[in-house]
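Q: Once you've had a glance at the structure underneath, I'll fire off some questions.
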2 protein chains.
Amino acid sequence: MPDGNTLHPLVVFTPSGKRGRFPVGTPVLQAARALGVDLDSVCGGRGICSRCQITPAFGDFPKHGLTATDSALSEWNRVEARYKEKRGLREGRRLGCQAQVTGDIVIDVPAESQVHKQVVRKDADDRVIELDPSTKLFYVEVREPDMHDPSSDLERLIGALSEQWMLDDLVADLRIVQRLQPILREGKWCVTVAIHFGRNAARGRIVSLWPGYYEGTIYGAAFDIGSTTVACHLSDLRTGRTVASSGLMNPQIRFGEDLMSRVSYSMMNPEGAGQMTDAVREAINALLGQVAAQAMVPVEDILECTFVGNPIMHHLLLGIDPVELGGAPFALSAGEGMVFWAAEIGVTATHPDARVYTLPCIAGHVGADAAAVILAEEPYNAEEITLIVDVGTNAEIVLGNRDRLLACSSPTGPAFEGAQISCGQRAAPGAIERIRIDPETKEPRFKVIGCELWSDDPGFAKATAETGITGIAGSGIIEAIAEMRLADVIDIDGVVRGSLTTETDRIYAEGRTFSYLIHDGAQRIAVTQNDVRAIQLAKAALYAGCQLLMDEMGIEAVDRITLAGAFGAHISPLHAMVLGMIPDCAVENVRSAGNAAGTGARIALLNAGKRSEIERVVRDVEKIETALAPRFQDHFVGAMAVPHKSAPYPRLRTIARLPDTPPSPPPGSGEGGTGRRRRRARA
Amino acid sequence: MPDGNTLHPLVVFTPSGKRGRFPVGTPVLQAARALGVDLDSVCGGRGICSRCQITPAFGDFPKHGLTATDSALSEWNRVEARYKEKRGLREGRRLGCQAQVTGDIVIDVPAESQVHKQVVRKDADDRVIELDPSTKLFYVEVREPDMHDPSSDLERLIGALSEQWMLDDLVADLRIVQRLQPILREGKWCVTVAIHFGRNAARGRIVSLWPGYYEGTIYGAAFDIGSTTVACHLSDLRTGRTVASSGLMNPQIRFGEDLMSRVSYSMMNPEGAGQMTDAVREAINALLGQVAAQAMVPVEDILECTFVGNPIMHHLLLGIDPVELGGAPFALSAGEGMVFWAAEIGVTATHPDARVYTLPCIAGHVGADAAAVILAEEPYNAEEITLIVDVGTNAEIVLGNRDRLLACSSPTGPAFEGAQISCGQRAAPGAIERIRIDPETKEPRFKVIGCELWSDDPGFAKATAETGITGIAGSGIIEAIAEMRLADVIDIDGVVRGSLTTETDRIYAEGRTFSYLIHDGAQRIAVTQNDVRAIQLAKAALYAGCQLLMDEMGIEAVDRITLAGAFGAHISPLHAMVLGMIPDCAVENVRSAGNAAGTGARIALLNAGKRSEIERVVRDVEKIETALAPRFQDHFVGAMAVPHKSAPYPRLRTIARLPDTPPSPPPGSGEGGTGRRRRRARA
């Protein structure tokens, strides 16, 4: 291995910069392993898998203190020539297991030859995931049975994996034992095995095998089980690439629109929880079928699934009656990260021995979805203090940084989801999602889902003829009420100003209160006084939850705000601030994380180490129970107002008119983080 | 804990003799634990389970150097009084968790209060098994959930098991997570859990739970899967008592009478192995139903099963096609001791999360049944050299002692099982099992299965009228041929003496050879020359196998011979020696081990440590392949003769007439082991 003999050639690997001297004739793969350079190999250096491709560089390298001549590597050998002829090898590439060191040389390991490839997330921030999944493939050559030394085929396979891959203490699934003999013989004693490495470095288990060198790949599916939507991403576990995505309505909706009605259903019906469990598992199997079909692979190639969801979705998926989550003290049955056979939880459209991993739940109200958001956003690695808000029937709120992480959930109720709003509806084509109100005329302009035009653009009527204008989506109701405040249609207490009926027909009396008319078509779409009250209650709860965590942390402002969840992705941060949903923050530091929970599920799928990481982080999260905090009620009452251009929103004072397209911040409005105003309550 | 303070009372436990000084007021259970005294407790010292009962002794104990007065233990307390009132407590007994040390005292721990109870085997040798099963019960009190400290019910249960029972790193089956919440609440936060401790000290898994203190018990079933019979013993895992036993014909018989015909069936029929797997699993489930019904317990209380069987039975049980075991090199798919869910191998008439353990196979011809025999007989713990012979289609032969253990199998063919014998039949009512031939008159007397009388006893005809006399069982054919030799009906080469036709009608010509008539009734039962030849071949193979191992071991005689298996149980050792089936040995050292394989399965069920023990022993057994040993053929040819009163059976020379009832040895014939004639080939 690397030695200090200065007569031996010097080998420098890039990009790692690792270097060592090796005797002439040392294969490059061997040198890389000796130095701990991240160079892949599935076949163990037999010139079969081509995963150890390297690019030698020749010439002068003053930085590395060497000159590499053309003869610094051995000549092409037969194996490489045959490989290039049969499967092709890019110009300049060599097989690391075949090319031998013969002189001083600089060797580049291209990204795709690294074991721990970096998978670039498609999100705005281009964060990377290091590929290191729980289930990996290994090619191995097994000794033939011999009457002089009777040992089982499994014993020799496990021995070969120990000798050739340094994998010890392996066990095998029953199905492996059942299929091993014909497959070993078909592969002429060569076999590729898939090994699943359990949680917390539990012993590896052989979960699948193929005769000879397996040219194909294996897949994993990451699921985000929302109360409304179930989303699935299928990833290639060898490359980390997402090869297919799909989503379905959560069929549990037929048992109750929101979470609490599903818990009620379970309480009222002895078979209720079981029905809901069956329903979501059916959707999962259907989605697995869909993504496999999209990617044109058999479902049997799917060897892993990861799941995130709020506590109630988590429990129903696992077949746990969520009744205890319906009332204090909101005890989870089990919340830790868990590994099961997919078949155990009725997930069958996979390899028969596929494994599933459920991310940990944080508390009875703060689920594995919040854990996944934390994993995706990594506030625990940052210096700045981030506030993460995931809005649903309960808002899940996380606050903190590398030193301390707090979490709570706040009972916002379903208003943000369109329930309890007279014209509220789920986000679907025809639903109003954006709205602006002219402060002078009080006339609205709006956009509906499924159409790029504003309502005052030419052709809008024609473009929306098919879907119609059917209601107001959650993001629309937030903008509507914020704009009503900006246009002084409502006052600071949220009262619709009846006095304006003399100025505009948009405001009209309904009983003893007043409403604001947005659209008068096939359906009359208006915001009533009750709607404003419902949103005030919801936003006050959300704001009070945020404030409670900030009190606990001893800070008066946060550095960054991240709006997570499908709903968060559509909220205009500025309107959310006008409304007083979220604390004050430099507007350019408020961002939507898109489906961060889904991203977290994908991270846990692609990197086993991240599973232990999030389990550790979740254990350390401080859970704050809003119901037990006396200050919560005070904050709640104090947050009912709709402040508009006044405290606590100093940054909004300068904004005369909000732009049409959130969330891009108004130019020049930023002045950096608010960290300098932070103070810590505890030393 | 125990301290050297001589002012503190001295506590001596019997029968262990462990002693220590403890402060006044120390509960006896606590003192026992501190000293490592084996005193049971399921409820953790709460006065619920009554498993820690002890018997204090009062008076002078000069041997222990103390005098115990009546006040050496605390007065009866309320818990004990209530316990005695409600459930009764034997006179003189106290609850170890309640009674406190107040003076010098001798405390006896009765057998039933020991954790590691000794389970006395019912066999002749009264060997004991220490009770220490893989699945054990623990009573625990769990903290209630608290909104101030949100943790899952499972987290608190596992925490309680760690605090109250020092059990760390536990995990739970999915079904536990599903049932945990209602059961914890039903038991008012007290619960009894069953924990399965996996192979090689793998982390414990919670596999079942009951609200409160579970008054009942849990069961385990030990299976011996023979090619002819499947036998099952149901044991109480808390007491080790066998509560029910049952056996069934192995329904695989319809696919082939012997092992090789079942392998052939599998080779000829694509679904053959699957059919045979289904058949044996059906029998197993039926047996579980039978033993549960016998013991009047629900099958759901059965939490563990252990299985032994020859390699082909083992593979078919696990759903492995046994085709590779049908020809050289006879490679097992997997032979190690393995743990599965019972449901994985189609064993469903149990608790839904019951676990199964299969004992290790030794080689492709020497199965888990042989391993179980070794576990039951423990030759690896003995100084004397034991030869264990388990006769079937293949004889499995084990030879050795604590220093070295050898095993081989020898292809005896099915003659001993009654196949290839003209009047042979399976051991069943009506089959001849014992026979004696008068050396003068050549007249036979015999006994049939199902009747206690000999054929020359008055009333025999009437007693056997119903069953008839239908054929010769395996044990009968061995006696018949041995007796034919003793009566000089056959010569040393096994030829039926045609010259005797002039003296007796019992001998008659059939073609060019002669037969011996045993019975002339509804069926004519005779031993033909071909029958003699078949048995000669079989016994020569068996003898040659034994001799091969003795060569390998470098010895000329063995100290003990154990005949194992259902067949072995019925063989007369003396006749087996006359016939030359087994090597010479002092006749009093030849014994039948009965169903030693079934005993081994029961040991592995009742003691988890024995699983590791037999796995370790099996790894170290030297496997000898008869087919590869040139000397095997020589021994085989040399063993064809039927020696009678001559070498190599010196001990038989003194026996004029064999007794009617084997295997009790003739009085005074013993002269101790033959160890002095042993020599070791290897130093």
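Q: Pull up all non-local amide H partners of A:SER208: gap of 5 or more, or a different chain, and H-to-H distance under 5 Å with H placed in the peptide plane.
A: Result for A:SER208 returns A:ALA194.
Q: Classify segment B:318-411: rounded, prolate or oblate, from the alpha-carbon gyration tensor (a ≥ b ≥ c, eigenvalue square roots; a/c under 1.5 rounded; otherwise prolate if a/b is larger than b/c)? Provide the component values of the computation, followed by the final result.
A: Details: a/c = 2.69, a/b = 1.47, b/c = 1.82.
Note, shape of segment B:318-411 comes out oblate.
Q: Moving on to the next point. What residues have an amide H closer than 5 Å to that of B:GLY424, excluding those fewer than 5 places away on the same chain, when H is modeled at 1.01 Å from N in the peptide plane?
A: The answer is B:ILE472.
Q: Counting other C-beta atoms within 10 Å, and keeping those with at most 12, which DSSP coil GluC sites (Glu not before Pro) do you find in segment B:251-283?
A: Filter output for segment B:251-283: B:GLU271.
Q: Further, regarding this structure: For segment B:423-527, what relative contact order do you get, as a whole percent, if you take Cα pairs closer than 8 Å and at least 6 residues apart?
A: Numbers: 181 pairs, mean separation 27.6, N = 105.
It rounds to 26 percent for segment B:423-527.
Q: Let's see if you can work this out: charge +1 on each Lys and Arg Cβ, -1 on each Asp and Glu Cβ, no other charges. What is the dipole magnitude of segment B:10-113 about its Cα centre, in debye to the nearest 20?
A: Working: 15 positive and 11 negative charges, 70 e Å.
Dipole of segment B:10-113, to the nearest 20 debye: 340 debye.
Q: Can you list the HN-Hα couplings for segment A:516-521, worked out from phi with the Karplus curve (6.51, -1.76, 1.60; θ = phi - 60°), rounded to whole Hz and with x for Gly and Pro?
A: Listing the rounded values in order: 10, 8, 9, 8, 10, x Hz.
Q: Right, here's the next one. First check a/c for segment B:443-590, with a ≥ b ≥ c the square roots of the eigenvalues of its C-alpha gyration tensor; if it is under 1.5, answer rounded, and if not, answer prolate when a/b is larger than b/c or oblate otherwise.
A: Numbers: a/c = 2.45, a/b = 1.45, b/c = 1.69.
Oblate is the answer for segment B:443-590, as a/c is 1.5 or above yet b/c matches or exceeds a/b.
Q: Arrange the following residues from fewest to most other Cβ atoms within 10 Å of their Cβ: A:VAL243, A:VAL142.
A: Numbers: A:VAL243 17, A:VAL142 22.
Listed from fewest to most nearby Cβ atoms, that is A:VAL243, A:VAL142.
Q: Among A:GLN529, B:ASN250, A:HIS315, which residue has its Cα furthest toward the positive end of the charge dipole of the protein assembly as shown, with +1 on Lys/Arg Cβ and -1 on Asp/Glu Cβ?
A: Final value for the positive-end residue is A:HIS315.
Q: So how do B:ARG93, B:ARG485, A:ARG241 line up by other beta-carbon neighbours within 10 Å, fewest first? Kindly include the intermediate steps, with their values, before the conclusion.
A: Numbers: B:ARG93 19, B:ARG485 24, A:ARG241 15.
Fewest-to-most ranking of B:ARG93, B:ARG485, A:ARG241: A:ARG241, B:ARG93, B:ARG485.
Q: Using helices alone, I'd like the mean residue ellipticity at 222 nm for chain B: each DSSP H run of four-plus residues gives -39500 (n - 2.57), total over residue count, nearest 500. It would help to have the intermediate numbers written out before the result.
A: Details: 16 runs with 182 residues, N = 683.
Calculated mean residue ellipticity at 222 nm is -8000 deg cm²/dmol.
Q: Here's another thing I want to ask about it. For each of B:GLU112, A:GLU378, count neighbouring Cβ atoms within 10 Å of the residue's Cβ, then give the residues from fewest to most. It would help to have the intermediate numbers written out before the result.
A: Numbers: B:GLU112 10, A:GLU378 17.
Fewest-to-most ranking of B:GLU112, A:GLU378: B:GLU112, A:GLU378.
Q: Another one. Using 26 Å as the Cα-Cα cut-off, could you pick out the over-long pairs in B:LYS539/B:LYS623; A:LYS63/A:LYS86; B:LYS136/B:LYS188? Display every interim value, and only then the final one.
A: Values: B:LYS539/B:LYS623 21 Å; A:LYS63/A:LYS86 38 Å; B:LYS136/B:LYS188 22 Å.
Violating the 26 Å Cα-Cα cut-off are A:LYS63/A:LYS86.
Q: Calculate one ³J(HN,Hα) per residue across segment B:507-515 by plugging θ = phi - 60° into the Karplus curve 6.51 cos²θ - 1.76 cosθ + 1.60, and present them in order as whole Hz with x for glycine and proline.
A: So the Karplus estimates, Gly and Pro as x, are 9, 8, 7, 9, x, 9, 10, 10, 10 Hz.
Q: Here's something else I'd like to know. Once the dipole of the protein assembly as shown is set up with Lys and Arg at +1 and Asp and Glu at -1 on Cβ about the Cα centre, which of B:PRO360, A:GLY187, B:GLY459 lies farthest towards its positive end?
A: Of the options given, the answer is B:PRO360.
Q: Something else: Can you tell me the FRET efficiency between A:HIS116 and A:MET249 if r is taken as the Cβ-Cβ distance and R0 is 51 Å, rounded to the nearest 0.05? Don't jump to the answer; show the numbers that get you there.
A: On the way: r = 37 Å, r/R0 = 0.73.
According to the calculation, E is roughly 0.85.
Q: Measuring from label point to label point, each 7 Å out along Cα→Cβ, what is the A:THR55 to A:THR441 span in nm?
A: Result for the modelled spin labels: 6.0 nm.
Q: Which far-off residues, 5 or more places away or on another chain, put their amide H under 5 Å from the one on B:ILE385, with H placed in the peptide plane?
A: Distant-sequence amide H within range of B:ILE385: B:ASP559, B:ARG560.
Q: Please work out how much length the chain gains when fully extended from A:ARG33 to A:ASP488, using 0.36 nm per residue of separation minus the C-alpha to C-alpha distance, in nm with one decimal.
A: Numbers: separation 455, 0.36 × 455 = 163.80 nm, distance 6.94 nm.
Gain in length upon complete extension: 156.9 nm.
Q: Still on this structure, please answer the following. Among A:SER612, A:LEU259, A:VAL297, which residue has its Cα furthest toward the positive end of the charge dipole of chain A, with +1 on Lys/Arg Cβ and -1 on Asp/Glu Cβ?
A: Of the listed residues, the answer is A:SER612.
Q: Mind checking which aspartates and glutamates have their Cα closer than 16 Å to the Cα of B:LYS447? Skip sequence neighbours fewer than 8 apart in that chain.
A: B:GLU433, B:ASP438, B:ASP456, B:ASP457, B:GLU466, B:GLU479, B:GLU483, B:ASP520, B:ASP660
Q: Could I have the simple spin-label model distance between B:THR504 and B:THR102, label points 7 Å from Cα toward Cβ, reported in nm to one decimal?
A: Each label point is offset 7 Å from its Cα along the Cβ direction, giving 8.3 nm.
Q: Please get the size of the charge dipole for chain B, origin at its Cα centre, with Cβ charges of +1 on Lys and Arg and -1 on Asp and Glu, quoted in debye to the nearest 20.
A: Working: 70 positive and 85 negative charges, 197 e Å.
Around 940 debye, computed over chain B.
Q: Report the relative contact order of chain A, percent, no decimals, based on alpha-carbon pairs under 8 angstrom and at least 6 residues apart. Don't jump to the answer; show the numbers that get you there.
A: Working: 1495 pairs, mean separation 69.6, N = 683.
Worked out over chain A, it gives 10 percent.
Q: Could you derive backbone 3J(HN,Hα) for segment B:420-432 from the dihedral phi with the Karplus parameters 6.51, -1.76 and 1.60 (θ = phi - 60°), listing whole Hz in sequence and x where the residue is Gly or Pro?
A: Each residue of segment B:420-432 in turn: 6, 10, 4, 9, x, 7, 5, 5, 7, x, x, 7, 5 Hz.
Q: Going through segment A:49-107, which GluC sites (Glu not before Pro) have at most 11 other Cβ atoms within 10 Å and a DSSP loop state? List each step's numbers first, then the result.
A: Working: sites: A:GLU75, A:GLU80, A:GLU85, A:GLU91; in loops: A:GLU75, A:GLU91.
Passing sites in segment A:49-107 are A:GLU75, A:GLU91.
Q: In segment B:420-460, which chymotrypsin sites (Phe, Trp or Tyr not before Pro) are in a loop and have at most 13 other Cβ atoms within 10 Å, using DSSP for the loop call? It would help to have the intermediate numbers written out before the result.
A: Working: sites: B:PHE446, B:TRP454, B:PHE460; in loops: B:TRP454.
Listed in order of number, the matching sites amount to none.
Q: Also, I was wondering about something else. Within segment A:572-594, name every residue whose backbone N is under 12 Å away from a label modeled 7 Å from Cα of A:GLU384 along the Cβ vector.
A: In segment A:572-594, the label zone of A:GLU384 (backbone N under 12 Å from the point 7 Å along Cα→Cβ) covers A:585-592.
Q: If you put +1 on each Lys and Arg Cβ and -1 on each Asp and Glu Cβ, how big is the dipole of segment A:221-358 around its Cα centre, in Debye rounded to 20? Don't skip to the answer; put the middle values down first.
A: Details: 6 positive and 15 negative charges, 50 e Å.
Computed about the Cα centre, the dipole is about 240 debye.
Q: Note down the nm distance, to one decimal, between modelled labels 7 Å out along Cα→Cβ at A:SER16 and at B:ALA343.
A: Calculated label separation equals 4.5 nm.
Every number in this text was worked out from the coordinates using simple rules, so none of it is lab data. Just so we're clear, the structure is a prediction, and the values are computed from it rather than from any experiment. As a convention, Cβ positions derive from the backbone with ideal geometry for all residues, glycine included, and neighbour counts pool all protein chains shown.
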